[in-house]
Amino acid sequence: MSKSDSAGRDRALELVPVSRETAERLDAIVTLLQKWQRTINLVAPASLPDVWMRHVADSLQLVPLAGEARRWVDLGSGGGFPGLVVAAMLGERPGADVTLVESDSRKAAFLREAARIAELPATVVPARIERVAAQLAPGVEVVSARALAPLVRLLELAHPFLAQGATGLFLKGQDVDNELTDSAKSWRIASRIAPSVTDRSGRILIVTSAAPLAPAT
């Protein structure tokens, strides 16, 4: 591990402390990510030198917001953020079950290998969200997404989970208020916003319920 990687790791795990076992799982994920990134664009190349803060810590901060939740679905998991990181942190909770939905076959292959190597309580579903959401939704406590879609579209994708009582945890930017305003035209939303601990301009949108409004007649 380079000095910059080590410093980033220290900063990330100071912001969101984890157990030694969880830190080891995170190390395994990051090492594999750096290896696979050479051939597959899992994260933005410019963000790779700061992977611990930009991606790992950014994902870790979601878990304390979810209370004791054990059943989690991450939509459009991509390079594994937040899904793999959540699974690493939930690895010590009995009955933890994190499902990562990713339609890109190469990224799904990476997610499966990372889950295997880091021994995560994670299942990878290589499919489009729209095709599998309804069957995955029962019993899910948290649905998450990061940099997946504008909020109006994200609510459509997450609705099968939200409709059955799941909480939505969505990593957003400083325009989240505008997204909420736009979404209110077609959705009735109960939510609150938490500040990001890793990015001054970042926001975490916590959605406790969302229902589509009836079309105007």
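The values are calculated or read from the model by the stated rules, or taken from the named source; none is laboratory data. None of the values given here were measured: they were computed from a predicted structure. When we count neighbours, we look across all protein chains shown, and the Cβ atoms used for this are built from the backbone with ideal geometry, even at glycine. To get the accessible areas, we keep the full protein, side chains included, count just its heavy atoms, and leave off ligands, DNA and RNA. Shrake-Rupley method; radii C 1.70, N 1.55, O 1.52, S 1.80 Å.
Of all residues being open to solvent by 50 Å² or more (accessible area, probe 1.4 Å) and charged (D, E, K, R) in region 174-189, which is nearest to Gly202 (Cα to Cα)? Just the residue, please. Looking at residues that are open to solvent by 50 Å² or more (accessible area, probe 1.4 Å) and charged (D, E, K, R), I get Asp175. Taking every residue in region 65-83 that is of a type in the set (Phe, Trp, Tyr) and open to solvent by 10 Å² or more (accessible area, probe 1.4 Å) and pairing it with any residue that is assigned to a strand (DSSP E or B) and at pLDDT 95 or above, at least 6 positions away or on another chain, the pairs with Cβ-Cβ distances below 7 Å are Phe81/Arg146.
Do the conditions hold for Leu171, that is, is it assigned to a strand (DSSP E or B), out of contact with any Leu (no Cβ under 7 Å at 6 or more places or on another chain) and surrounded by 12 or more Cβ atoms within 10 Å (Cβ to Cβ)? Break it down into steps so the answer makes sense when it comes.
Numbers: assigned to a strand (DSSP E or B): yes; out of contact with any Leu (no Cβ under 7 Å at 6 or more places or on another chain): yes; surrounded by 12 or more Cβ atoms within 10 Å (Cβ to Cβ): yes.
So Leu171 fits the description; yes.
Cβ-Cβ contacts under 7 Å between residues 6 or more apart (or on different chains), taken from a first residue in region 32-61 that is touching a residue at least 12 places away in the same chain (Cβ under 8 Å) and assigned to a helix (DSSP H, G or I) to a second residue that is open to solvent by less than 10 Å² (accessible area, probe 1.4 Å) and among the basic types (Lys, Arg), are absent. Taking first residues from region 138-164 that are free of Cβ contacts under 8 Å to residues at least 12 places away in the same chain and partners that are buried (at least 23 other Cβ atoms within 10 Å of the Cβ), no Cβ contact under 8 Å between residues at least 6 apart in sequence or on separate chains turns up. Of the residues making up region 92-116, those that are farther than 25 Å from Glu68 by Cα and of a type in the set (A, V, I, L, M) are Ala108, Ala109.
Taken over region 112-135, the residue count meeting the criterion of being in contact with a strand residue (DSSP E or B) (Cβ under 6 Å, 6 or more places away or on another chain) and either assigned to a helix (DSSP H, G or I) or at pLDDT below 95 (or both) is 4. Applying the selection to region 19-64, what residues are exposed (fewer than 15 other Cβ atoms within 10 Å of the Cβ), of a type in the set (Ser, Thr, Tyr) and in contact with a helix residue (DSSP H, G or I) (Cβ under 7 Å, 6 or more places away or on another chain)? Across region 19-64, the qualifying residue is only Ser47. So in region 84-107, with the set limited to residues that are open to solvent by less than 40 Å² (accessible area, probe 1.4 Å) and in a loop (DSSP other than H, G, I, E, B), which one is farthest from Gln34 (Cα to Cα)? Checking each candidate, the answer is Ala96.
Whenever a residue of region 197-216 is over 20 Å from Pro160 (Cα atoms), its partners that are exposed (fewer than 15 other Cβ atoms within 10 Å of the Cβ) and β-branched (Val, Ile, Thr), lying with C-beta atoms within less than 8 angstrom and at least six residues away or across chains, give the pairs Arg203/Ile193; Ile204/Ile193.
For region 198-215, a residue qualifies if it is surrounded by 15 or more Cβ atoms within 10 Å (Cβ to Cβ) and either in a loop (DSSP other than H, G, I, E, B) or in contact with a Cys (Cβ under 8 Å, 6 or more places away or on another chain) (or both), and the qualifying residues are Thr198, Asp199, Gly202.
Taking the criterion of being touching a residue at least 40 places away in the same chain (Cβ under 8 Å) and hydrophobic (A, V, I, L, M, F, W, C), the residues of region 165-196 that qualify are Ala166, Leu169, Leu171, Ala194. If the condition is being crowded, with 17+ Cβ neighbours inside 10 Å and either part of a helix (DSSP H, G or I) or over 10 Å from the mean Cα position of the chain (by Cα) (or both), then region 143-167 contributes Leu151, Leu154, Leu155, Glu156, Leu157, Ala158, His159, Pro160, Phe161, Leu162, Ala166, Thr167.
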